[in-house]
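Before we start, here is the structure in question, set down as structure tokens.
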Amino acid sequence: MKSPLLVLIYTVDCPLRCDFCWCSGNGYKPVKIRKEDAIRYIKEAAGLGVVKRVSFTGGEPFLHHAELVEVLDACKGLMPARIVTSCYWAETKGRAREMLKPLVERGLDELSCSTDPTHQAFVPAAFVKNAVEVGLELGLVCEVVSVSWNATSEVEDFMNGFRHPRLRFSQHLAVPMGRGRQRKVTWRDYNIPRPSQMGGCNLGGRDINIYPDGEVYPCCAGELNFMGKLSFGNTKKDSLKTILERIQADAYVQLVFNRGFDAIYGLARWKFPRLLPLLPKDDNLASVCQLCVRIHRDGDLMKALTPLLDYGKKLVEVEQRLEGHKKGGNNN
Ligand code: SF4
Ligand code: SF4
């Protein structure tokens with residue numbers, strides 16, 4: 001099982017207004033994690049022994065560059081850091097160096113840069129190239145990520161043929177939420193399987209995603225986290241250890257992360273047929289996360305699904321034990 005990542009939604013503020021994003025200007029308060037809290041979360045997560053990396057995302061973490069330097073300085077040596085950014089600050093390579101160097105000196109080892117036609121309405125792809133080239137010079141692993149409402153734009157094209165062994169690319173389809181909530185896009189428009197037939201959403205991972213209000217979620221799904229009532233605790237009253245244990249023990253998370261809705265609908269068809277009519281239709285949805293919201297926010301449905309989820313969790317556990325044995329056997 002992969003190590004959980006500590007994800008800090010450092011701020012929901014952002015100078016950009018991407019049309020698929022729920023940040024910012026949505027009235028969510030508080031707008032950012034306090035610097036002291038971020039330091040506390042990293043120290044506490046490091047003490048768990050299983051969290052190996054912290055990721056700063058948002059919103060736009062670089063809005064608080066000086067604080068990020070202070071946070072990394074206070075947590076130096078505890079775990080490497082990753083930052084997700086639009087690179088709005090990288091007008092020149094000189095400026096990119098000025099921003100990245102103090103962070104790299106304090107533990108930043110990965111930079112995730114977002115660019116696609118929507119981001120490029122605000123930030124030219126050349127800024128991302130500046131940040132990536134300087135990041136690579138400074139020894140970072142860099143990622144260029146695109147999100148779009150169609151599957152046609154190729155993320156590699158935005159770097160004008162620039163390639164590097166420490167540069168990777170990833171491409172995602174936009175999920176209707178935030179400013180894009182009213183979009184009528186569905187899985188058919190994206191030419192992908194229906195959400196109820198999709199596999200696990202986060203294979204092997206159960207991350208600790210902390211929002212500025214202290215609520216902690218197992219995944220980073222923006223406002224869909226709140227809409228789906230996916231919080232497993234709040235840092236104001238629960239320790240990260242307790243919250244992580246709740247996440248790891250939860251049958252729904254276990255099944256959805258590892259096997260997806262394919263397993264939930266499949267088990268309903270095969271073993272719990274009385275539950276099948278209760279499960280939502282997915283005809284007008286574009287993403288598993290939208291389906292997740294429909295199921296998880298419905299307390300009565302979740303209660304009815306309990307035997308199915310417990311049964312599914314046991315199957316996943318058996319499967320993981322068998323995989324463990326197989327791996328052990330292969331090592332001999
Ligand atoms: S997608 Fe990222 S860059 Fe765009 S508005 Fe949202 S937080 Fe800002
Ligand atoms: S499907 Fe649910 S649990 Fe999985 S990433 Fe989306 S919101 Fe999170």
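The values are calculated or read from the model by the stated rules, or taken from the named source; none is laboratory data. What you see is a predicted model; the values in this text were computed from it and never measured. Here Cβ is always computed from backbone atoms with ideal geometry, including for glycine, and neighbour counts include all displayed protein chains.
Considering only the stretch 64-90, state which residues are over 18 Å from Gly139 (Cβ atoms) and more than 16 Å from ligand 1 (Cβ to nearest atom).
Listed by number, the residues that qualify are Ala66, Glu67, Glu70, Val71, Asp73, Ala74, Cys75, Leu78.
What tally of residues in the stretch 118-134 results from selecting those that are away from ligand 1 (no atom under 12 Å from the Cβ), under 22 Å from the mean Cα position of the chain (by Cα) and not β-branched (Val, Ile, Thr)?
1
The rows are residues; the columns are (1) farther than 19 Å from Pro117 by Cβ; (2) within 16 Å of ligand 1 (Cβ to nearest atom); (3) touching a strand residue (DSSP E or B) at 6+ places or on another chain (Cβ under 6 Å); (4) touching a residue at least 24 places away in the same chain (Cβ under 8 Å).
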{"residue": "Leu138", "(1), (2), (3), (4)": "yes, no, no, yes"}
{"residue": "Asn160", "(1), (2), (3), (4)": "no, no, no, yes"}
{"residue": "Leu173", "(1), (2), (3), (4)": "no, yes, no, yes"}
{"residue": "Gln182", "(1), (2), (3), (4)": "yes, no, no, no"}
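I'm trying to understand the selection: among the residues of the stretch 12-63, which are touching a Lys or Arg at 6+ places or on another chain (Cβ under 7 Å), more than 13 Å from ligand 1 (Cβ to nearest atom) and closer than 19 Å to Thr85 by Cβ?
Those that are touching a Lys or Arg at 6+ places or on another chain (Cβ under 7 Å), more than 13 Å from ligand 1 (Cβ to nearest atom) and closer than 19 Å to Thr85 by Cβ: Arg53, Ser55.
Here is a follow-up. Among the residues of the stretch 283-301, is there at least one that is more than 12 Å from ligand 2 (Cβ to nearest atom), under 26 Å from the mean Cα position of the chain (by Cα), at pLDDT 95 or above and in a helix (DSSP H, G or I)?
Within the stretch 283-301 (the criterion being more than 12 Å from ligand 2 (Cβ to nearest atom), under 26 Å from the mean Cα position of the chain (by Cα), at pLDDT 95 or above and in a helix (DSSP H, G or I)), the answer is yes, since at least one residue qualifies.
Could you tell me which numbered condition Thr118 fails, if it satisfies all but one of (1) more than 16 Å from ligand 2 (Cβ to nearest atom); (2) free of Cβ contacts under 8 Å to residues at least 40 places away in the same chain?
Thr118 satisfies all of (1) more than 16 Å from ligand 2 (Cβ to nearest atom); (2) free of Cβ contacts under 8 Å to residues at least 40 places away in the same chain except (2).
Using the structure shown, decide if Val123 is closer than 27 Å to Arg17 by Cβ, aliphatic (A, V, I, L, M) and in contact (Cβ under 8 Å) with a residue 60 or more places away in the chain. Can you show your working first?
Working: closer than 27 Å to Arg17 by Cβ: yes; aliphatic (A, V, I, L, M): yes; in contact (Cβ under 8 Å) with a residue 60 or more places away in the chain: yes.
Spelling it out, Val123 is indeed closer than 27 Å to Arg17 by Cβ, aliphatic (A, V, I, L, M) and in contact (Cβ under 8 Å) with a residue 60 or more places away in the chain.
What number goes with the only condition from (1) at pLDDT below 95; (2) of a type in the set (Gly, Ala, Ser); (3) part of a helix (DSSP H, G or I) that Ala66 does not pass?
Only one criterion in (1) at pLDDT below 95; (2) of a type in the set (Gly, Ala, Ser); (3) part of a helix (DSSP H, G or I) is unmet by Ala66, namely (1).
For the stretch 3-12, enumerate the residues that are under 19 Å from His64 (Cβ atoms) and either out of contact with any strand residue (DSSP E or B) (no Cβ under 7 Å at 6 or more places or on another chain) or within 16 Å of ligand 2 (Cβ to nearest atom) (or both). Let's see the steps before the verdict.
So the first thing to find is which residues in the stretch 3-12 are under 19 Å from His64 (Cβ atoms), and the list is 6-12.
Of everything in the stretch 3-12, those that are under 19 Å from His64 (Cβ atoms) and either out of contact with any strand residue (DSSP E or B) (no Cβ under 7 Å at 6 or more places or on another chain) or within 16 Å of ligand 2 (Cβ to nearest atom) (or both) turn out to be Val7, Ile9.
Of the residues Gly107, Gly77, Gly94, which single one is free of Cβ contacts under 8 Å to residues at least 12 places away in the same chain and either more than 17 Å from the chain's Cα centre (by Cα) or within 16 Å of ligand 2 (Cβ to nearest atom) (or both)?
None of the other options fit; the residue is Gly94.
Next up: Please tell me if Tyr252 is among the hydroxyl-bearing types (Ser, Thr, Tyr), away from ligand 1 (no atom under 16 Å from the Cβ) and either within 18 Å of the chain's Cα centre (by Cα) or surrounded by fewer than 21 Cβ atoms within 10 Å (Cβ to Cβ) (or both).
Values: among the hydroxyl-bearing types (Ser, Thr, Tyr): yes; away from ligand 1 (no atom under 16 Å from the Cβ): yes; either within 18 Å of the chain's Cα centre (by Cα) or surrounded by fewer than 21 Cβ atoms within 10 Å (Cβ to Cβ) (or both): yes.
Spelling it out, Tyr252 is indeed among the hydroxyl-bearing types (Ser, Thr, Tyr), away from ligand 1 (no atom under 16 Å from the Cβ) and either within 18 Å of the chain's Cα centre (by Cα) or surrounded by fewer than 21 Cβ atoms within 10 Å (Cβ to Cβ) (or both).
Restricted to the stretch 169-222, and to residues that are buried (at least 21 other Cβ atoms within 10 Å of the Cβ) and polar (S, T, N, Q), which residue is farthest from Pro277 (Cα to Cα)?
Asn209
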